[in-house]
Amino acid sequence: MMDICWLCVTLAGIAVYLLTQFIRFIFADADLTLLWAARFGNKPESKLRGKVVWITGASSGIGEELSYQLAALGARLVLSARRENELERVKRTCLERSSLKDEDILVLPLDLLDRASHQEKTAAALKHFGGIDVLINNGGRTQRSLCTEADVDVYQALMELNYLGTVSVTKQVLPHMIRHGSGIIATISSVAGFVGVPLATGYAASKHAVQGFFNSMRTELSDYPNITISTICPGPVISSIVQNAFTEELGKPVATAGDQTHKMSTERCVHLTLVGLANRVKEMWIAEQPFLLFCYLWQYTPTLAWYLTNVLGKKRVENFKSGVDADSAYFSKPKVKTT
């Protein structure tokens, strides 16, 4: 009798635990490893204060918010993007929101496509601060176009920018970190780095390439346990990335970016990213439901993931063709384009 009671208590405990985890997952906005680190792990201010952090794509979106939150934590910054005037604006805001001094923030204009300049830019950052503790590869562009309509030049541009530009800067910084035996190389990838995303075939391909590169490089660096290679995979986040997306032709702008308010806030995405870096998490999934669920399905039940992706992907394409925002209209009724 005692054994039966003990078994019932054990089963009830397991049931309560599973139910609790299920409820947590329903409201989760990141993978469970990252959320555990956010609850019980190192705090960003304890690990990133005083560190030299180089951020590419720092003039807008996630890169801009990374700059603000890192400045508030007391990290010293190298801000890079093509638009120097926007970088100066970000620097001014960083100084207003923190106790940093002017010399604690270096504005370093950088074009990811100009790979011949990356050695010189890296040397300038090293000369100014004497070292680089964290590199955050954030620069890049997305895509909004059908594969059948997209020029090959668009795919080449995406690979040159998102993949080769990122690899080039990384290869300049990595030898410095190897010499010092420590550092963090973090790359803002995307859920599209391991999930198929219709209307973004070239973007997804570039992010798949990025993740393949860094996953392979991480293993090569096993003799340097204090060098962390981290890939961050956000889902839909409020950002200017849609406004600047490639379309089917180079130089052709996006017709409309649509409503962005349904997406995760940039502030929350960046906070979770910094938590992950403070705890040296190797891969982070940062997305609200149902996108987070898709990450787990693609990882553990790919057959079901393929089915659901085809169902929702078809809806996404239909709405895109009808002129409805691709990100927000999975469950809305398509509207006919008006001329």
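The values are calculated or read from the model by the stated rules, or taken from the named source; none is laboratory data. None of the values given here were measured: they were computed from a predicted structure. No Cβ is skipped: glycine too gets one built from the backbone with ideal geometry, and neighbour counts run over all protein chains shown. To get the accessible areas, we keep the full protein, side chains included, count just its heavy atoms, and leave off ligands, DNA and RNA. Shrake-Rupley method; radii C 1.70, N 1.55, O 1.52, S 1.80 Å.
Considering only Cα-Cα distances, which of the following residue pairs are longer than 19 Å: Lys51/Lys91; Lys207/Lys282; Lys91/Lys282; Lys207/Lys314; Lys43/Lys171? Among Lys51/Lys91; Lys207/Lys282; Lys91/Lys282; Lys207/Lys314; Lys43/Lys171, the Cα-Cα distance tops 19 Å for Lys91/Lys282; Lys207/Lys314; Lys43/Lys171. Taken about its Cα centre, the range 1-138 carries a charge dipole of about 240 debye when Lys and Arg each add +1 at the Cβ and Asp and Glu each add -1 at the Cβ. Peptide packing: for 55-62, 246-253, 41-48, the average count of neighbouring Cβ atoms within 10 Å per residue gives the ranking 55-62, 41-48, 246-253, highest mean first. Of the trypsin sites (Lys or Arg not before Pro) in the range 49-103, the ones in a loop by DSSP (not H, G, I, E or B) with at most 10 other beta carbons within 10 Å are Lys101. Near Leu113, within a Cβ-to-Cβ distance under 12 Å, what is the net charge of the other residues, with Lys and Arg +1 and Asp and Glu -1? With Lys, Arg at +1 and Asp, Glu at -1, the neighbours total 0.
Farthest toward the positive end of the dipole of the chain, out of Leu174, Leu126, Leu292, is the Cα of Leu292, where the dipole comes from beta carbon charges about the Cα centre. What you get for the chain, charging only the Cβ of Lys and Arg (+1) and of Asp and Glu (-1), is a dipole of about 300 debye around the Cα centre. For the chain, the share of accessible area belonging to carbon and sulfur comes to 57 percent (1.4 Å probe, ligands and nucleic acids excluded).
Look at the dipole of the chain built from charges on Cβ: of Ile4, Pro109, Val242, the Cα furthest out on the positive end belongs to Ile4. Rolling a 1.4 Å probe over the heavy atoms of the protein chains gives the chain an accessible area of 50 Å² per residue. Per-residue 3J(HN,Hα) values for the range 94-109, derived from phi via the Karplus relation 6.51 cos²θ - 1.76 cosθ + 1.60 with θ = phi - 60°, read 4, 5, 5, 9, 8, 9, 5, 9, 4, 6, 7, 10, 9, 7, 10, x Hz in sequence order (x marks Gly and Pro). Rounded to the nearest Å, what's the spacing between the alpha carbon centres of the range 22-55 and the range 118-190? Just the number, please. Between the Cα centre of the range 22-55 and that of the range 118-190, the gap is 23 Å. Across the chain, Cα pairs under 8 Å and at least six residues apart give a relative contact order of 19 percent. Here's how it looks for Thr228: its modeled amide H is under 5 Å from those of Gly183, Ile184, Ile185, which are all 5 or more places away or on a different chain.
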